Each structure stands twice: as structure tokens, then as C-alpha cells.
Amino acid sequence: MASFRRAHTLYFLFGFLIGCTTVFWNNSFNSSDERKSLPQKSVRNVANQKLGLSRQNEDIPDSHAIDDGAANEARMLIFQHEHEESELAKEIRENVRIFCWIMTSKNNTNSRAVHIHATWASRCNKHVFITANEGSDLPSIDLNVTEGRNYLWAKTKSAFKYIYEKELNNYDWFLKADDDTYVIVENLRFMLLAYSPNDPVYFGCKFKPFVKQGYMSGGSGYVLSREAVKRFAEDALPDPKKCKEKGTGAEDAEMGKCLEKVGVIAGDSRDINGKHRMLPFSPLTHLQEGGNKTMPAWFYKYMFYPYEQGEECCSDYVVSFHYVNKATLYALHNLIYHIRAFGVSDDARSKLLASSKDEQSLLESARSLAKAMSMPLESMNQTQNTEKPNKETEKEKETKKKE
């Protein structure tokens, strides 16, 4: 009986080996024929072009290189397919102009920045990376700032100074994001439509320590109005009493301290139902059911507003997530912009058409809806805000004193 089992196992393995060999040769010949049918450009060149990579950039590490083959071409090209942008989205894009700068490094260019460029960043009115590797063909600016986590504050100051000098009057809002942030730019525009770029305000995921009115988590991204950038560059940066002169420190907390001292309001990015729109972790973390037990302990101490994990965590028009790896980045982008549930769609347009008056444009109707779904700016001034943040722990008070 034992010898029969051994023989049976050998026959199975022999048959499996023959089958795999046959499939391998068939795929090899098919892939070869498909590659030959591509006009003058190899699949690698097409895929690299779609990712914004230069063919001359031969120093890409093997772990990040794009393999040849028609399968890879199809995989890369499918994520570049876009459904037609609606007239409403086009009009809001023209009237809520967002400049996005993505904090990255030369070491992260091929592992992170190229994928941000291939997905959500192109939906900004303009985007730049600070700073990507030379030769990557990504829109990048080198501000001659020392690289490294300890110098993110120096890079942030230089970036907003550059924006003030070169781009201030070309755009309305200015978003800072990390190279592992995912942003739904259309939802960001919809949120900002409720406010004016002339308002001294900035939005993000509001944390409570260190700054009286709170500050915005750097990872989920934060967006400054034109007036906020102006005050930061003209009033805060030149004054060492308002802004830390050294380039070290936590960039998000330091930014919050500077902006508070020049009268920029730390806005409330939640929707009118109190659901969060800008979040500091991956959607895989925020959307899982866990009864608020699966988040790190510091998260609840830092959150300025109440938070409920799971389905109730996030607004229908959520704006951003953080700690998004490459696989999740492309999955999100595909789910948001490509996949459709038949017969089910966003009902914003029907709401607008039903509520708009004859003399009111679709844009103004969208603005009215945005205001109805957002927190009023007047309620965000910390002297008028009736929703108080959680009390600071003794440890946090000691940390603040040392600061």
C-alpha cells in the first residue's frame, strides 16, 4: 500500500511538471509574439512612459524595475485609464485651483514618488515633488535642503517660501502631502469650495497637543489658503519668535505653532455630521470594525475631535489617508476612478439640479451644497468653538514646557 502511494505521488508530480512546462512555453511564445507586434517601443518603454520614468534612467534598482512583457503593459496601462470628467468636476477644477507639493526624497523616487505621480497627483492643478531623483522625469524642485527625517521642518519652510515667491497668485489653495499619502483631489476641492482662499485658514486632520488651537497631522496632508501662505511667509517666517529658526523638529507641529501666532485658523475638515475627511492612517485601518480597540493609544490622545472606527469613521466625501503602500495606492485609485456599480452613482448632481434656481449656476449650486455639508468657518475660531479638545495629559504638558 505504501509503495502504491509513492508511485501515485510520483505520477502526480511528473504530470504537474509536464503541465507547467507546457504552459511556460505557450506563454513564452505568446508574449514574444505580442512584444513583436508593439510598434518600435518595448513594453518596458510604454510602461515607463506612463509612469513618468525616463528610458535613460538605467539606475533604477532591480526591486523597483518594471519587467518586460505584455502582461505588465496591460497592468500598468489599466491604471492610466480614466472615465470622462464631468462638466461639474471640470468647472470646480477651474475655480478651486490646488497646487500640490509632495514631500519625498531621492531615495524614495522609484519606490513611492513615481506611483503618486501615476495616480492622484496629476489631478491637482499643478504638482511638484520636493525633491525627486534627477533623471526621473518627475516634476521636481531641488531647494538645496539637507535630506533626512530630522530636517523635514527645514524642507517645509523652504517649500512654502518657494510657493510664496513663485506660485502664490497662480493658485487658490496649497496642499502639502507625503509620498505615502493618498488624496481624492475632487473631494478636497468640494470641501474647499465652501471657503474662500482669502480666509486665513488651513485644513487637515487636527491633533490637539502642543498648540492651543490644534495643528494638522503631516501624514494625512494639510492644505493652506492663499492668505494663510501669505501670512506664513510675510509675518511668521521672518520672526524667530513666531517660527522656529532651526530646521529641525516635527514639521507639522512647528507649522501649527507658526500659523497660530499669525492668526491662521486651524480649520475643522470634518463634514457637517462630524465624520472625518482627512485621516492619518490607511483606509484598511480606519474602516475595519474594531470598536476603537485596534488603533494605537497615542491616536486617541492626539485626536482633537471624537473619532469612531469603522464605517462611521469617514465622510462619504473623504479626502485623504496616510501610510498607503503601493498596492493599496493602486487599488484605491482603481476603485475610485474606474470601477462602477451599475445603477448606483453619486447623487450630488441630482441634488444640485433639484435645489438650484434658474439663475443660479451649477458651480454656485455646488458651493451652496459644499457649505451645507461643511463646518462654518465662524465656528472654527478657537475662542468661539464650543467643542473643546480632550484634556492634555501631564506628560504632554511637560513636553510642551520643554518645547
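The values are calculated or read from the model by the stated rules, or taken from the named source; none is laboratory data. From a predicted model like this one, the values you see are computed outputs, not experimental measurements. Cβ placement follows ideal geometry from the backbone for every residue including glycine, while neighbour counts extend to all protein chains displayed.
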ASN144 without any contact (Cβ under 8 Å) to a residue 24 or more places away in the chain and part of a loop (DSSP other than H, G, I, E, B): yes
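Evaluate the range 95-106: report whether one residue or more is over 29 Å from PRO197 (Cα atoms) and not in a strand (DSSP E or B).
Scanning the range 95-106 turns up at least one residue that is over 29 Å from PRO197 (Cα atoms) and not in a strand (DSSP E or B).
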For TYR171, all conditions in the list (1) among the hydroxyl-bearing types (Ser, Thr, Tyr); (2) surrounded by fewer than 21 Cβ atoms within 10 Å (Cβ to Cβ); (3) out of contact with any Pro (no Cβ under 9 Å at 6 or more places or on another chain) hold save one; what is the number of the exception? (3)
Six or more apart or on different chains, Cβ atoms under 7 Å: show the pairs whose first residue is in the range 109-127 and of a type in the set (Gly, Ala, Ser) and whose second is part of a helix (DSSP H, G or I). SER111/HIS64; ALA118/LYS50; ALA118/LEU51
Residues of the range 256-277 being part of a strand (DSSP E or B) and among the acidic types (Asp, Glu), which ones? ASP271
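Is it fair to say ALA266 is under 20 Å from the mean Cα position of the chain (by Cα) and not charged (D, E, K, R)? Don't jump to the end; show me each part of the working.
On the way: under 20 Å from the mean Cα position of the chain (by Cα): yes; not charged (D, E, K, R): yes.
Against the criterion (under 20 Å from the mean Cα position of the chain (by Cα) and not charged (D, E, K, R)), ALA266 qualifies.
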Residue under question is SER350, and the condition is that it be exposed (fewer than 14 other Cβ atoms within 10 Å of the Cβ), modelled with pLDDT under 80, in a loop (DSSP other than H, G, I, E, B) and among the hydroxyl-bearing types (Ser, Thr, Tyr); does it hold? no
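Here is a check on your reading of the model: is VAL128 in a strand (DSSP E or B) and either surrounded by fewer than 19 Cβ atoms within 10 Å (Cβ to Cβ) or touching a Pro at 6+ places or on another chain (Cβ under 7 Å) (or both)?
When the stated conditions are applied, VAL128 passes them.
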Among the residues that make up the range 367-378, is at least one of them farther than 27 Å from GLY214 by Cβ, assigned to a helix (DSSP H, G or I) and at pLDDT 60 or above? yes
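Condition check ((1) at pLDDT below 85; (2) closer than 21 Å to SER269 by Cβ; (3) within 21 Å of the chain's Cα centre (by Cα)) across all residues:
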{"residue": "ASN292", "(1), (2), (3)": "yes, yes, no"}
{"residue": "MET303", "(1), (2), (3)": "no, yes, yes"}
{"residue": "GLU311", "(1), (2), (3)": "yes, yes, yes"}
{"residue": "GLY343", "(1), (2), (3)": "yes, no, no"}
State whether the residues of the range 292-306 include one that is touching a Ser or Thr at 6+ places or on another chain (Cβ under 6 Å), part of a loop (DSSP other than H, G, I, E, B) and aromatic (Phe, Trp, Tyr). no
Is it fair to say ALA327 is within 21 Å of PHE281 (Cβ to Cβ), loosely packed, with under 11 Cβ neighbours inside 10 Å and either in contact with a Lys or Arg (Cβ under 7 Å, 6 or more places away or on another chain) or modelled with pLDDT of 90 or more (or both)? yes
Select from the range 238-262 the residues that are closer than 16 Å to ALA228 by Cα and basic (Lys, Arg) and list them in ascending order. LYS242, LYS257, LYS261
Does VAL185 qualify as being surrounded by 21 or more Cβ atoms within 10 Å (Cβ to Cβ), over 18 Å from the mean Cα position of the chain (by Cα) and of a type in the set (A, V, I, L, M)? no
In the range 262-301, how many are over 28 Å from SER368 (Cα atoms) and either in contact with a helix residue (DSSP H, G or I) (Cβ under 9 Å, 6 or more places away or on another chain) or of a type outside the set (Ser, Thr, Tyr) (or both)? 21
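Do we have PRO238 as at pLDDT 95 or above, outside any strand (DSSP E or B) and farther than 15 Å from ASN125 by Cβ here? Show your work before the answer.
Details: at pLDDT 95 or above: yes; outside any strand (DSSP E or B): yes; farther than 15 Å from ASN125 by Cβ: yes.
Taking the combined requirement at face value, the residue satisfies it.
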